[in-house]
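What follows is a single structure, written as structure tokens, with notes after it.
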Amino acid sequence: MINKLSTEFTGISTQLVHSGANPLEFFGFVNPPVVRASTVLFPDADIMKKGAQPYTYGIHGTPTTKALTDCLSQLEGATKTFLVPSGLAAITVALLGALKTGDHLLVVDSVYGPTRRFVNNVLRKFGIEVEFYNPLSGVADLLKPNTKAIYTESPGSNTFEIQDIDAIVEAAHATNAVVLLDNTWATPIFFKPLEHGVDISINAATKYQAGHSDILMGYISTNEATTTRIEQTYTDLGMSVSGDDAYLVLRSMRSMNLRLTHQQDSALFIAKWLEDQPEILAVLHPALEAHPHHALWKQNYKGSSGLFSFVLKSGDEREAHAFLDALELFGLGYSWGSFESLAVHVNLEDRLFNKDQFQTPVIRLQIGLEERDDLIKDLRNGLDAIKNL
Ligand SMILES: *Cc1c(COP(=O)(O)O)cnc(C)c1O
């Protein structure tokens, strides 16, 4: 048994099972200990003064958080990974680390709602120029001398537009801007942002990494060029996560590839079924051939996850609510990536572009680990409830 996996073993599940653990460092126990810590003691004053030992204070990491960040950094191909208390915190810390007063920030309009709230409420207040761009157009024409960051998300939240990340990276790096990508949907299993030149990869580990609806966590994985900046801001802002949460996320990551690929297969199966239902106008899922960015998705992504939306052919909130209220297996709730299926009526009021495409209700589904035939029965009952209104 060796401590570090040799590089010839590149299978995702192999990596997920073996990375981030050094059993021989912990008497051979397979899992790392859960270290709950604030104070760490030093053997003498000189070592204390120099901080010359692996751990110095709870906020700066423990063997438990290190096991998780080692696993995540390997999966992301990152220089370093920083754990934060939520996916939203990963977004806010990364943006605060990347920008300063006077900078111009481009943000994709199909961004996660709370990200829009943060850039509008907080970044603008500190004199950062925020501009939203249409996910259906490129960013090249929008770059200015003071554009310092492009913030993107692919596919877009709720509406699933695929971004051309390679083109965004090329445009950004030509003007020394950094690219931040919220990669929560694809996860590094299906798309590795840093391999595509993205500088800062952002994930809500609350979703597939934690995978069980019981933990909030986010992480930021950086390349070499951005590590120092993000580390400084991360430390300045006093971010950390608990040993218990870090332990549980690592525990879930051992099975993440299995859960994700199963959820992918069920979601695609259900998406195709929905395409054939008479009540449906469109299914917004990039792995479907009818999706407008299917070719771009296929070129860059190794898979699709368990989250997609569909658009009803007609109706309004009344129809959307009738559908949702008739569901038994799909819970009505936020978040996703866990074992149970969820449905939500999507609100696109804050969008600036392409709103006319969504005049009828958009419903987002998170496909869990239930049997797909049962989920289809549940969805059919929901659609029947609209018919029976
Ligand atoms: C859920 C989500 C987040 C935020 O994660 P939390 O842990 O709930 O704060 C960020 N980005 C996307 C795309 C999400 O869906």
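The values are calculated or read from the model by the stated rules, or taken from the named source; none is laboratory data. Everything numeric in this text was worked out from a predicted model, so none of it was measured. So basically every Cβ, Gly included, is an ideal-geometry build from the backbone, and we count neighbours across all protein chains shown. In case anyone asks, the SASA skips ligands and DNA or RNA and just uses the protein heavy atoms, side chains included. Shrake-Rupley method; radii C 1.70, N 1.55, O 1.52, S 1.80 Å.
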Spin-label point model (7 Å from Cα, Cβ direction): what's the residue 265 to residue 44 distance in nm?
6.0
Give, in nm to one decimal, the length gained when the segment between residue 255 and residue 121 is fully stretched (0.36 nm per residue of separation minus the Cα-Cα distance).
44.4 nm
Looking at the chain as a GNM with Cα springs under 10 Å, which of 361, 155, 292 has the largest mean-square fluctuation?
292
Taking the Cα atoms only, what angle lies between the long axis of helix 317-326 and the longest principal axis of the chain, rounded to 10 degrees?
70
Can you give me the P(r) profile for segment 184-313? Cα pairs, bins 5 angstrom wide beginning at 0, each as a whole percent.
2, 9, 16, 17, 17, 15, 11, 7, 4, 2, 0
If you take every DSSP beta bridge fully contained in segment 22-161, what fraction is antiparallel? Give it as a percent rounded to 5.
10
So if each residue of separation counts as 0.36 nm, and I subtract the Cα-Cα distance between residue 13 and residue 350, what length gain in nm does that give?
117.4 nm
Positive-end residue of 184, 167, 104, charge dipole of the chain with Cβ unit charges:
104
What full-extension length gain, to one decimal in nm, is calculated for residue 26 and residue 371 as 0.36 nm per residue of separation minus the Cα-Cα distance?
120.3 nm
Rounded to 0.05, the calculated FRET efficiency for the beta carbons of residue 101 and residue 36 at R₀ = 41 Å is 0.60
Using the alpha-carbon atoms, what tilt in degrees (0 to 90, nearest 10) does helix 256-275 show relative to the longest principal axis of the chain?
10
Most fluctuating residue of 28, 58, 306 in a GNM of the chain with Cα springs under 10 Å: which is it?
28
Tally Lys/Arg at +1 and Asp/Glu at -1 over every other residue whose Cβ is under 14 Å from the Cβ of residue 227; what's the total?
-2
Probe 1.4 Å, all protein chains present, accessible-area order of 389, 99, largest first:
389, 99
Which one, 42, 308, 353, has the greatest fluctuation when you compute a Gaussian network model over the chain with C-alpha springs under 10 angstrom?
42
By how many degrees, 0 to 90 and rounded to 10, does the Cα axis of helix 63-76 deviate from the longest principal axis of the chain?
50
Estimated FRET transfer efficiency (residue 170, residue 231; beta-carbon r; R0 22 Å; 0.05):
0.25
Note: probe point = Cα of residue 357 + 7 Å toward Cβ; backbone nitrogen < 17 Å; residues of segment 287-305 passing the test are 287-298
Under the rule of -39500 (n - 2.57) per DSSP H run of 4 or more residues, summed and divided by the residues of the chain, what mean residue ellipticity at 222 nm is obtained, to the nearest 500 deg cm²/dmol?
-10500 deg cm²/dmol
Inter-centroid distance (Cα atoms) of segment 155-186 relative to segment 200-250, Å
20
Of all DSSP beta bridges located in the chain, what percent are antiparallel, nearest 5?
55
Using a 1.4 angstrom probe on the protein heavy atoms only, could you order 288, 352 from most to least accessible area?
352, 288
At 4 °C and 1.567 mPa s, the Stokes-Einstein diffusion coefficient in µm²/s for the chain, with hydrodynamic radius from the Kirkwood sum on alpha carbon pairs, is 59
